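Before any comments, here is the structure.
Quick note: the coordinates plus some simple rules give every number you see, no bench work behind them. Since the model is a prediction, treat every value here as computed from it, not as a measurement. Reconstructed Cβ throughout: ideal geometry from the backbone, glycine too, with neighbour counts over all protein chains shown.
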Amino acid sequence: MDTTHVPCTQLRLNTADSRPLHEQVAGAIRRAIAEGECGPGDRLPPARDLSQALDVNVNTVLRGLRALRDEGVLEFRRGRGVTVADGADQRSVLLHRVRDLVTDAAHLGYSKNDLVDMIRGIS
């Protein structure tokens, strides 16, 4: 086995999670980064390998990977595969906290726009 794939191979999905599978895949990768299992520059296994390990469709994995790329957590590089972006560990933790804040605010009846207004009021 290629040792560049070792750091990010222990991904698991929570079968009780009701979120869409692609979000769970992205969450599992975010969690691995936040917990130090994957670090900046580490290469992820190919999407096909991830889909087999997680027992989900490869397109589901690709959708999760693209979401993380769009967030700046992952980089797609021709010939080098998918790697964890520099600073992804801090960014991943912050994004997770923001998602929790949005969820908590929604439970209290606040919209995303309400949160933006609150944040603008802080600065």
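Observations on the structure shown:
- Length released on extending from Ser18 to Ala53, taking residue separation times 0.36 nm less the Cα-Cα span: 10.7 nm
- Reduced Cα scattering model of the chain, Debye log10 I(q)/I(0), q = 0.14 Å⁻¹: -0.63
- Once the Cα-Cα distance is subtracted from the 0.36 nm per residue extended length, the Asp100 to Asn113 segment shows a gain of 3.1 nm.
- Among 104-116, 55-67, the peptide with the highest mean count of other Cβ atoms within 10 Å heads the list, and the full ranking is 55-67, 104-116.
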